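Nothing in this text is a laboratory measurement; each read-out follows from the coordinates by a stated rule. Since we're looking at a predicted model, the values are computed, not measured. A quick note on method: Cβ atoms are made from the backbone with ideal geometry, for glycine too, and the neighbour counts reach across all protein chains shown.
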Amino acid sequence: MATYLLNIGHTVTLPKRRMAKDFADRAEFADKGDIYVSGKRIEVKHIKHDFGYQAWPFETAAICAKKSFDAADPRPDYYYIVNASMTVAALVDVKTTFPDWRVQKIVDRERGYDYDVYAVTPEYLGWRYIDFEERL
């Protein structure tokens with residue numbers, strides 16, 4: 001695990017990464033978060049679709065697999081859903097939005113099965129630019 005102190009007063013911790021060799025071993029390689037900022041667990045989801053700032057392209061935003069969230073310890077504090085070009089992120093604040101999450105079924109065409117995910121409607125999304133070079 002690597003820890004950094006940012007010059008804006010936040011401590012950032014990046015947990016050690018390990019990759020499962022195949023899907024059957026995934027439980028053995030479950031992590032405890034993608035990144036921690038000042039003790040808050042943040043999960044980052046990079047999706048294949050591009051979308052702009054405050055322009056979610058779907059009826060709902062899938063946050064994470066229900067089974068994964070329900071078993072998480074600690075549970076994430078935030079989810080960042082990053083667009084394909086990695087310039088914008090839709091932010092889900094778990095504490096404030098969880099009471100309004102809904103369960104929906106998603107089909108994984110690559111693996112040939114479906115599973116339940118937690119999702120929200122777009123009005124529950126916060127927004128962040130992540131293309132820092134243009135904004136510094």
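By the count of neighbouring beta-carbon atoms within 10 Å, fewest first, Ile63, Ile47 end up ordered Ile47, Ile63.
When you filter the chymotrypsin sites (Phe, Trp or Tyr not before Pro) in the range 44-120 for DSSP loop state and at most 16 other Cβ atoms inside 10 Å of their Cβ, you are left with Tyr53, Phe58.
One chain, two ends: Asp108 and Ile47. Fully extended at 0.36 nm per residue, the span grows by 20.6 nm beyond their Cα-Cα distance. Ordered by the number of other Cβ atoms lying within 10 Å of each residue's own Cβ, fewest first, Leu125, Leu91 fall into the sequence Leu91, Leu125.
The label point for Ala71 and the one for Tyr115, both projected 7 Å from the Cα toward the Cβ, are 0.9 nm apart.
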